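Take a look at the structure below.
The values are calculated or read from the model by the stated rules, or taken from the named source; none is laboratory data. Fair warning: this is a prediction, and the values are worked out from it, not measured in the lab. FYI the Cβ positions are ideal-geometry reconstructions off the backbone, even for glycines, and counts take in every protein chain you see.
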Amino acid sequence: MRAGNSGVGCAQTPGVSYITIGKILRPVGLLGEMKVLPLTSFPERFKALHHCRIEMEGGVAHPGQVRGARLAGRFVYLMLVDVVSLEGVAPLRGGLIQIPECERHPLAAGSFYQYEIIGLSVFTEEGTALGRVEQILETGGNDVYVVRGEGGREYCIPALASVVLDVDLARQRMVIRPLPGLLA
């Protein structure tokens, strides 16, 4: 449940929300290519990417026009039009590659992006407030929502249909039916 892109264009105007799809790790070669760690469940999306923005530490963002991308193993190798040298990539290290939220890849009904889940208030089906989702652990079998409640109490909620009964993004809440012993 990571961010993706539908490939549908939308206006890149002030007030547009952005999602992160990759992180620049380091330069590769002398011609401006950069090694990128994809932070999306859809890394193939980079091959169709034309425009992005790169957000640097401190929130400063720079527009980028993509001139090429290739996938190799679990990494993406990206080239931007205005970055044509090793020296041009160096200041971008650690930068986050972002796209407008409206370009995210559509998900199946009942599926959500991690950024949509993090921050939700979590309640039992009886109405007991447990806290907010702080983190999502990817365990292989199913994700686990780390919920922190009052006093720092932590709950690990498995992301299973039998446990997570409802996710209401509009109301920013999740309703669960805890397994026996889960909240002990």
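Annotations
- Strands (runs of 3 or more DSSP E) fully within the range 107-184 that include at least 2 residues being surrounded by fewer than 14 Cβ atoms within 10 Å (Cβ to Cβ) and over 18 Å from the mean Cα position of the chain (by Cα): 154-158, 164-168.
- Among the residues of the range 147-179, the one identified as touching a Ser or Thr at 6+ places or on another chain (Cβ under 7 Å) and β-branched (Val, Ile, Thr) is ILE176.
- Residue check, LEU31 in contact with a Ser or Thr (Cβ under 9 Å, 6 or more places away or on another chain), surrounded by 13 or more Cβ atoms within 10 Å (Cβ to Cβ), in contact (Cβ under 8 Å) with a residue 12 or more places away in the chain and more than 30 Å from PHE112 (Cβ to Cβ): yes
- Reported count of residues in the range 44-93, each being in contact (Cβ under 8 Å) with a residue 24 or more places away in the chain, in a loop (DSSP other than H, G, I, E, B) and loosely packed, with under 12 Cβ neighbours inside 10 Å, is 2.
- Across the range 100-125, the qualifying residues are those that are at pLDDT 95 or above and either in contact with a helix residue (DSSP H, G or I) (Cβ under 9 Å, 6 or more places away or on another chain) or of a type in the set (Ser, Thr, Tyr) (or both), and the one among them that is farthest from VAL66 (Cα to Cα) is THR124.
- Where a residue in the range 109-131 is of a type in the set (A, V, I, L, M) and its partner, wherever it lies, is surrounded by fewer than 16 Cβ atoms within 10 Å (Cβ to Cβ) and not in a loop (DSSP other than H, G, I, E, B), with Cβ under 9 Å and at least six apart: ILE118/GLU134; ILE118/GLN135; LEU120/ASP168; LEU120/ARG173; VAL122/ALA129; VAL122/ARG173; ALA129/GLU150; LEU130/THR124
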